[in-house]
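Notes to accompany the following structure.
The values are calculated or read from the model by the stated rules, or taken from the named source; none is laboratory data. This is a predicted model, so every value here is computed, not measured. Neighbour counts run over all protein chains shown; Cβ positions are idealised from the backbone, glycine included.
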Amino acid sequence: MKICCIGAGYVGGPTMAMIALKCPDIEVEVVDINAQRIAEWNSDRLPVFEPGLDDVVRQCRGRNLKFSTEVDRAIAESDIIFVSVNTPTKSYGIGAGRAADMTYIEACARQIARVAKGKKIVVEKSTLPVRTAESLKTVLRANSQGAEFQVLSNPEFLAEGTAVEDLQKPDRVLIGGETTPEGMEAAELLASVYARWVPRDRIITTNLWSSELSKLVANAFLAQRISSINAISALCEATEADVDEVAFAIGRDSRIGPKFLKSSVGFGGSCFQKDILNLVYLCQHFGLPEVAEYWEQVIKMNDWQKARFSKAIVRSLFNTVTGKKIAIFGFAFKKDTNDTRESAAIYVCKDLLVEQARLAIYDPQVGARQVFKDLEQQQVLADGRDNPQITLCDDPYAAAEGAHAIAVLTEWDEFKKLDFERIHASMVKPAFVFDGRNILDLTKLREIGFVARGIGKPF
């Protein structure tokens with residue numbers, strides 16, 4: 001058996017590396033038209049930072065795992081073709097700001113149809129709107145050069161920062177296919193690959209539409225929990241309750257559970273906002289405005305939480321941050337990843353730059369190029385590299401030196417181990433800490449002399 005994956009991103013690369021590791025008799029190839037990205041997958045510094053991923057890739061690369069730009073050849077040679085390309089939110093035309101942009105998916109389908117011969121299984125790995133498989137099948141069959149296609153949906157449920165662990169021990173593997181004999185045979189073949197290391201009772205098969213919708217709904221439910229506890233964090237601050245104590249108390253209820261009840265400055269990442277907006281668009285398309293409004297409120301609450309955090313910084317610093325240095329601890333959307341997509345840090349930094357603050361930014365995995373790119377896309381910088389308001393720092397101590405305040409925006413473990421007495425001594429007084437991830441001991445910080453605030457914490 002030969003497998004290829006079109007798209008060498010955060011999903012395609014790690015997923016194929018794990019299949020190669022667990023199935024040494026299967027040839028696995030990851031292809032992408034981005035030559036630089038492929039070169040990075042073949043180098044000592046992978047384009048995706050995930051704990052444990054480098055070791056998995058090193059074990060398989062050169063054995064049964066290959067990264068290349070030879071897309072046509074890989075498609076022609078493979079039995080199973082995963083499609084794992086980007087499906088960003090549309091920025092133009094019908095559905096702008098909500099609907100998924102299907103440009104890359106359709107391009108992949110046309111390329112597969114052009115070069116494929118014989119029987120092929122095409123697997124949707126990208127997050128897609130419900131009933132996308134119907135469009136894929138239409139394009140494939142209309143442009144087929146004699147090939148026979150079965151289309152499956154196999155959405156990913158990876159959490160960045162724990163992707164390798166999630167791939168090794170998934171809660172479930174979901175495979176959607178047509179309820180025809182050929183469709184069920186294709187689903188079983190893909191299931192047999194995962195069954196090499198995943199217990200059969202964790203491999204779920206459904207129809208195509210249930211599988212496609214399940215991915216959107218799963219992310220919507222997780223984001224909903226975060227927005228719910230963040231809404232309560234504001235009430236906790238107003239009433240001097242502690243949001244962590246409230247979350248612990250309600251999380252002990254077996255009907256609720258403790259996961260995704262950690263209050264913060266707001267959720268980010270490539271999936272939550274994009275998938276909820278896609279769900280909102282689908283609900284509107286199918287004439288369900290009340291349902292669309294309900295899910296859109298999850299996004300509005302997340303945006304409000306980020307803005308509330310920024311306003312708290314300005315208000316605490318005597319209603320002005322003009323010319324003041326603010327140390328930004330963390331730029332990735334969560335720890336143990338170098339992904340910055342929809343990171344809360346981007347929006348907090350934007351707000352502070354608009355208020356004419358000077359920012360000193362430190363993140364252990366996110367480079368200067370990505371930081372400037374993200375801020376330029378927010379249209380607050382004409383050219384970030386020449387902007388005197390922004391400094392990229394090599395360590396958190398340099399970022400904090402001479403700063404009026406610290407904003408913790410990513411929950412990196414190293415921030416818990418810092419010498420805050422040393423940091424306090426180097427800062428302008430009064431020295432402020434705004435913990436947007438509730439990872440620091442506020443009591444100890446206050447004993448040192450900081451004015452320290454958390455999310456949903458008594459002050």
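Please specify each residue of the range 348-364 satisfying the condition of being outside any strand (DSSP E or B) and surrounded by fewer than 22 Cβ atoms within 10 Å (Cβ to Cβ). Please lay out each step first, then the result.
Residues of the range 348-364 outside any strand (DSSP E or B): 348-357, 363-364.
Listed by number, the residues that qualify are Lys350, Asp351, Leu353, Val354, Glu355, Gln356, Pro364.
For Gly176, only one of the following conditions fails: (1) without any contact (Cβ under 8 Å) to a residue 40 or more places away in the chain; (2) under 20 Å from Val83 (Cβ atoms); (3) among the small types (Gly, Ala, Ser). What is its number?
So Gly176 meets the others, but not (1).
Provide a single number: the residues in the range 139-161 that are part of a loop (DSSP other than H, G, I, E, B), over 29 Å from the mean Cα position of the chain (by Cα) and either aromatic (Phe, Trp, Tyr) or modelled with pLDDT under 90 (or both).
Within the range 139-161, the first condition is being part of a loop (DSSP other than H, G, I, E, B), and the residues that meet it are 143-147, 154-161.
Among the residues that remain, those that are also over 29 Å from the mean Cα position of the chain (by Cα) are: 143-147.
Imposing the further condition that a residue be either aromatic (Phe, Trp, Tyr) or modelled with pLDDT under 90 (or both) reduces the set to 144-146.
Of the residues in that region, 3 qualify.
Would you please name the residue that is nearest to the chain's Cα centre (by Cα), looking only at residues in the range 68-108 that are within 27 Å of Asp44 (Cβ to Cβ) and either among the charged types (D, E, K, R) or part of a helix (DSSP H, G or I) (or both)? Break it down stepwise before answering.
Applying the first criterion (within 27 Å of Asp44 (Cβ to Cβ)) to the range 68-108 yields 68-71, 73-74, 82, 84-86.
Now narrow it down to the ones that are either among the charged types (D, E, K, R) or part of a helix (DSSP H, G or I) (or both): 70-71, 73-74.
Details: Glu70: 27, Val71: 26, Arg73: 30, Ala74: 28 Å.
For the range 68-108, the residue satisfying everything is Val71.
How many residues, within the range 92-110, are touching a Pro at 6+ places or on another chain (Cβ under 9 Å) and of a type in the set (A, V, I, L, M, F, W, C)?
Qualifying residue count for the region: 3.
Here is a check on your reading of the model: is Val122 modelled with pLDDT of 95 or more and more than 22 Å from the chain's Cα centre (by Cα)? Lay out the reasoning, then the answer.
On the way: modelled with pLDDT of 95 or more: yes; more than 22 Å from the chain's Cα centre (by Cα): yes.
Yes.
I'm trying to understand the selection: among the residues of the range 119-138, which are within 17 Å of Ile204 (Cα to Cα) and in a strand (DSSP E or B)? Quick ask: steps written out before the conclusion?
Going residue by residue through the range 119-138, those that are within 17 Å of Ile204 (Cα to Cα) are 123-125.
Matches in the range 119-138: Val123, Glu124.
Take the residues in the range 168-218 that are within 15 Å of Arg131 (Cβ to Cβ) and of a type in the set (A, V, I, L, M); name whichever of them is nearest to the chain's Cα centre (by Cα).
Ranking the candidates gives Leu216 first.
Only one of (1) within 24 Å of Phe49 (Cα to Cα); (2) buried (at least 20 other Cβ atoms within 10 Å of the Cβ); (3) at pLDDT 95 or above; (4) in contact with a Phe, Trp or Tyr (Cβ under 9 Å, 6 or more places away or on another chain) is not met by Leu174, so which one is it?
Result: Leu174 fails condition (1) only.
For Lys274, indicate whether it is in contact with a helix residue (DSSP H, G or I) (Cβ under 6 Å, 6 or more places away or on another chain), part of a helix (DSSP H, G or I) and either at pLDDT below 95 or of a type in the set (Lys, Arg) (or both).
Details: in contact with a helix residue (DSSP H, G or I) (Cβ under 6 Å, 6 or more places away or on another chain): no; part of a helix (DSSP H, G or I): yes; either at pLDDT below 95 or of a type in the set (Lys, Arg) (or both): yes.
No.
Among the numbered criteria (1) out of contact with any helix residue (DSSP H, G or I) (no Cβ under 7 Å at 6 or more places or on another chain); (2) closer than 29 Å to Lys457 by Cβ, which single criterion is violated by Gln305?
That leaves (1) as the condition not met.
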